[in-house]
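First up is the structure itself, then whatever we jot down about it.
The values are calculated or read from the model by the stated rules, or taken from the named source; none is laboratory data. Bear in mind the structure is a predicted one, so any value in this text is a computation, not a measurement. Neighbour counts are summed over all protein chains in view; Cβ atoms, including those assigned to glycine, are modelled from backbone coordinates with ideal geometry.
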Amino acid sequence: MRKRSITWSLLLSAAVVFAFSAACWAQVTQYDEEQRMNMESHIGKLTGHATAGEPLYRRFCIGCHGPIGDGEGENAQWIDPKPRNFTLGIFKCRSTPTGTLPTDEDLYDTIGRGLVNSNMPRWFPLSDQDRADLIAYVKHFSPRFAKEKPGSVLQIPPEPPVTEERVKAGQEVFRHTECWKCHGVTGRANGPSADTLTDDFNRPIKPFNFHDGTRFKCGETDRDLYRIFMTGLDSTPMPSFADNLKPEEAWDLVMYLRSLQPMNTPEKAIAKKLGLKPINPNAAAQPQTK
Amino acid sequence: MKTVYKPAAILAVLVVVALGLLSTGRHVSAASEGKVTGSIKLEGTAPHMRAIDMSKDPTCSKQHSTPVHLENVVVGSGGSLANVVVYISQGLPASAAAAVPSKPIEWDQKGCMYQPHVAGMDVGQQLKVINSDPTTHNIHPMPQPGGGNIGWNKSQPQGSPPFTTSWKAEEVAIPVKCNIHPWMHGYMVVVKGPYGVSDESGSFSLDNVPPGSYTLTAWHETYGTQTQKVTVTAGKPATVNFTFKAK
Amino acid sequence: MPSFARGSIAAALFAVCIVLGCAPSSFAIPAFARKYGLPCSACHEAWPKLNVFGQTFKDNGYQLMNDRDSPIWQNPSYWPVAFRNTPNWHRESVNRVAVDVPAGLAEQKIITHGFDLSGMDVLSGGTLYNNISFLLVPSMENTGEFGLESAWVRFDNLLKSPWVNFKFGKFELDNVISEKRIMNLSNLGGAYQIYHFIPAGDSNAFGQLGDNQLGMEWMGHSKNDRSRLSAALLSSNDGSVNLPNANSYAGFFTASQAFDTGKLGVDRFGAYAMFGQAPTFTLNQLGNPFLAVGNKNFSREGAFGLFYLKKLDFSLFFQHGSDNPYLGLSLASNQPLPAGAQSPTWNGGFVETHYTVNPQLIFIQRDEFIRMSKQALPTLPSSLGDVDAYTFSFRWYPIMFSRAGFAIEPEYSLMRQQGMAPVTGTSLSSSSAFIGFDFDF
């Protein structure tokens, strides 16, 4: 009799302990989820809320980015490039230094403009509020947004006037920083390393082809182009050049890159007038003459 | 005025004294700290390491008169295994784990290879990234996503000054690659507390290990990890040897 | 009642029945969802009704504008074709149907019910290349009769501007409140009455906004599709091929502007006008058709709006219509007009309300009205042909992904037409009860 009661009490206490710990665990995860659902986004005067973003995410985004934001939606297997995994908190289009979180505006701009040469459409027909809410919900997937602040925004000085000297100097930057190793000497994405590129998830990836004349991955203006190579596209082979390019040189490079595109830009006219030949990769092996 | 001065002066004296005590204390403890040494061996035949074709970038190939080989397994004479990082994975007191060496780790890009190919480093230890090559490299460490470290990707054109950075969290190991030169890859092994990296002769040494019982872990990029228990006493180096088996 | 009027009423009723009997061929195209990997709900508030994103996709020429629109990006096994059908059970009730009795004709309430099928739409659309889009909708009536519901090509973003798009072929008029995307499927509720209204005794079948028309259309929109403009030149033959009965044209113009109202949603206001000519005689005395002649004018104009209050939204539509007296009286233009003949005019519209619980459940109700303001002959009762209709339904989509669509739709619809009872000329009331399984894949 006594033995049995001991057994029972042991069992009971074990059950209580188990239930208690389970409850604690459940509470912790639930707390975490609730905390994360408090996520907000701030874009100008707009404030987005993750709770309002959730139904929108389920309506618009879930097919590719998946119910838990890991980029494994039902269509992910058919898509190349693959949808972004939001749980990692790593984003290509940022105004912030490599390795830091993007600002809310960066994410807002990205869903508004879509990502060229991928399945990500331009979502700007959605209302501003909807996009802000979506950003809050996208941020809720990654614990990084709860722990870290976005990096400091890259300051871009006003664009100087396009001159012959600048286009020429831009070519020198292009040669010296060896953009051509991947993007090719004429910007056709056929540099010596172009075929070997993989992203951080070991998936093959192509460099941007300037000759296509499409928008860039993160925008279409000169400032967007400036920002792209200065901050780099995280999780891709495209590095940040912010440490080694002065703003003047960066603008020079922008102007030279514009001359590689098929559009009739002033930069292209200058390159034509100067008779600018594509750089000679072998000459690039010589030490810098600057 | 005087009343303000006085406490400030006392405080300054106290700080100086405290600092002095602290530094002597460290010296004292350093003298009483132990050491772990040992060597790493590879049992069996080491896999063939393919020669690297650097012809796509003449600035790289020109620097080597003889072909350079991949460094996934680097074996010295008598089967000694290089590039194994040995560190204390269990038992380290918090104070020893928190100590960070002041000397920066150098990570050089030379001859379009990483030197070293595997670097050990402490959490928060300065990491100095150097480009000695007449070409542009992009240095692209890729920590496990979702962990405490965040990856980045920076271009370092020829002639750029070195830059320093550090890692926030333990991670064994962070792969590093240069996308421009796809053969360039290496590992940064970020740990807390003393660590050693085996050289070509297979030998390693962990300095400034306080006396105590520990679990040592040896990590190799191809052969994974091994662990051993070790007891360290002051003034007498403990010896631990690891043997990896070739697959 | 004059015999010609009775005959015309019968003809008009027949026309209305034909129109209502036509399964509305509505567009919800899983081939697009498959192509882009987006769930149905990305483009549809609840399919087939579009949301702002879907409307922009359509206005861009079925393009997401992410440089992946050209079919060269598709796996060769991708086939831009979807099918849609709705097996259903329905019950139709009409309170006054002409039946034979020993004394001649009398009226009786008739109720029919049973299992049925809708027609089948083959929805094939997409891009032929960047900025060249197409739609081909071979559509089969449930009786097996095949036709081309839609067939057009469109040149999009000419001069790299979203303001320059040209469409050629047979297409739906640029109705933002699209009847092709109506949420209802029953005989009565499955069409907007005002989109097909023809006054009693009128022969002009060509002013129907809900019917696809042959022609060409210029359409322009702002990049985010908040502003839309379009103008179409149409053959006045109500979409019939082979130029059987017309040598006249109509123009359809529409403009609308949307406003981002913050948390409420994106609201839109717009106006439209359709002006055209239609032939007044197409048959000779022997009943043989010849090239239509005696073109006379007609016009339809009005306004519409889409108003969102978060999950609740209202689609408002208003029309003022007018036909030439010859059209209104079905008279050949070489005949003299009877004394007092005038242009029949009318006003009509509807308020459709949706409550979108989530992308998988939507409640719909609609109030419709049409009021004659002037009859072609002043002697006719002023309310002759007036319509009141009410529809309530909901659509439940048990699945929502990007490969196929499936909806269960119960619906109830009521309609009353003044003076349209076949024998007594009193009001005609009918009702539809419907439950269907609407699917496309």
Next item on the list: Using the structure shown, decide if A:Phe60 is modelled with pLDDT of 90 or more and among the aromatic types (Phe, Trp, Tyr).
Entry: yes
Notebook entry, point to check: Cβ-Cβ below 7 Å, separation at least six or inter-chain, first residue in the range B:198-214 and aromatic (Phe, Trp, Tyr), second exposed (fewer than 15 other Cβ atoms within 10 Å of the Cβ): which pairs?
Noted result: B:Tyr214/B:Gln90
Check: For the range A:193-290, list the helices (runs of 4 or more DSSP H) that sit wholly inside it and hold at least 2 residues that are surrounded by fewer than 21 Cβ atoms within 10 Å (Cβ to Cβ) and under 20 Å from the mean Cα position of the chain (by Cα); which are they?
Finding: A:222-231
Next item on the list: Tell me which residues, restricted to the range C:34-56, are at the interface with chain A (Cβ under 8 Å from one of its Cβ atoms) and either surrounded by fewer than 22 Cβ atoms within 10 Å (Cβ to Cβ) or not in a loop (DSSP other than H, G, I, E, B) (or both).
Entry: C:Tyr36, C:Gly37, C:Ser41, C:Ala42, C:Val52, C:Phe53, C:Gln55, C:Thr56
Checklist line | Subset of the range C:71-81 (residues that are within 11 Å of another protein chain (Cβ to nearest Cβ) and hydrophobic (A, V, I, L, M, F, W, C)) | finding: C:Trp73
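Being of a type outside the set (Gly, Ala, Ser), in a strand (DSSP E or B) and within 21 Å of the chain's Cα centre (by Cα) is true for just one of B:Val232, B:Val176. Which residue is that?
Details: B:Val232 fails: within 21 Å of the chain's Cα centre (by Cα).
Residue meeting the stated conditions: B:Val176.
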Next item on the list: Please specify each residue of the range C:341-396 satisfying the condition of being touching a Pro at 6+ places or on another chain (Cβ under 8 Å), crowded, with 22+ Cβ neighbours inside 10 Å and either of a type in the set (S, T, N, Q) or free of Cβ contacts under 8 Å to residues at least 12 places away in the same chain (or both).
Entry: C:Gln375, C:Ser393
Item checked: Hits in the range A:90-112 (condition: touching a Ser or Thr at 6+ places or on another chain (Cβ under 9 Å), among the hydrophobic types (A, V, I, L, M, F, W, C) and within 12 Å of another protein chain (Cβ to nearest Cβ)) -> A:Ile90, A:Phe91, A:Leu101
Notebook entry, point to check: Can you tell me how many residues in the range B:139-155 are under 14 Å from B:Tyr187 (Cα atoms), without any contact (Cβ under 8 Å) to a residue 40 or more places away in the chain and more than 7 Å from chain A (Cβ to nearest Cβ)?
Noted result: 3
Notebook entry, point to check: Which numbered condition trips up A:Pro121, out of (1) buried (at least 22 other Cβ atoms within 10 Å of the Cβ); (2) part of a helix (DSSP H, G or I); (3) modelled with pLDDT under 95?
Noted result: (2)
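Only one of these is of a type in the set (Lys, Arg), buried (at least 20 other Cβ atoms within 10 Å of the Cβ) and more than 14 Å from every other protein chain (Cβ to nearest Cβ): C:Arg84, C:Arg68, C:Arg91. Name it. Working first, answer last.
Values: C:Arg68 fails: more than 14 Å from every other protein chain (Cβ to nearest Cβ); C:Arg91 fails: buried (at least 20 other Cβ atoms within 10 Å of the Cβ).
Being of a type in the set (Lys, Arg), buried (at least 20 other Cβ atoms within 10 Å of the Cβ) and more than 14 Å from every other protein chain (Cβ to nearest Cβ) holds for just one of C:Arg84, C:Arg68, C:Arg91, which is C:Arg84.
Output the residues belonging to the range C:57-83 that are part of a helix (DSSP H, G or I) and not aliphatic (A, V, I, L, M).
Going through the range C:57-83, the residues part of a helix (DSSP H, G or I) turn out to be C:57-59, C:71-73.
Those that are part of a helix (DSSP H, G or I) and not aliphatic (A, V, I, L, M): C:Phe57, C:Lys58, C:Asp59, C:Pro71, C:Trp73.
Residues that are touching a Lys or Arg at 6+ places or on another chain (Cβ under 9 Å) and within 28 Å of B:Gly159 (Cβ to Cβ): which strands (runs of 3 or more DSSP E) entirely in the range B:42-118 hold 3 or more of them? Let's see the steps before the verdict.
On the way: elements: B:85-90, B:105-110, B:113-115.
Fully inside the range B:42-118 and qualifying: B:105-110.
Somewhere in the range B:42-52, is a residue within 14 Å of another protein chain (Cβ to nearest Cβ) and at pLDDT 90 or above?
Just the residues of the range B:42-52 that are within 14 Å of another protein chain (Cβ to nearest Cβ), to begin with: B:52.
Next, only the ones that are at pLDDT 90 or above stay: B:52.
Within the range B:42-52 (the criterion being within 14 Å of another protein chain (Cβ to nearest Cβ) and at pLDDT 90 or above), the answer is yes, since at least one residue qualifies.
How many residues, within the range C:268-295, are over 21 Å from C:Ala205 (Cβ atoms) and modelled with pLDDT of 95 or more? If you could, list the steps in order and put the result at the bottom.
First, the residues of the range C:268-295 that are over 21 Å from C:Ala205 (Cβ atoms): C:268-271, C:285-286.
After this cut, where a residue has to be modelled with pLDDT of 95 or more as well, the list is C:268-271.
Final tally of qualifying residues: 4.
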Check: B:Thr136 is checked against (1) buried (at least 22 other Cβ atoms within 10 Å of the Cβ); (2) at pLDDT below 95; (3) more than 10 Å from every other protein chain (Cβ to nearest Cβ) and fails just one. What number does that condition carry?
Finding: (3)
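Taking C:Gly147 as the residue in question, decide whether it is modelled with pLDDT under 95, touching a helix residue (DSSP H, G or I) at 6+ places or on another chain (Cβ under 9 Å) and in a strand (DSSP E or B).
Values: modelled with pLDDT under 95: yes; touching a helix residue (DSSP H, G or I) at 6+ places or on another chain (Cβ under 9 Å): no; in a strand (DSSP E or B): yes.
No; evaluated as a whole, the condition is false for this residue.
Quick check on this structure: which one of B:Gly151, B:Gly146, B:Gly235 is modelled with pLDDT under 90, closer than 30 Å to A:Lys92 by Cβ and not charged (D, E, K, R)?
Numbers: B:Gly151 fails: modelled with pLDDT under 90; B:Gly235 fails: closer than 30 Å to A:Lys92 by Cβ.
Answer to the check: B:Gly146.
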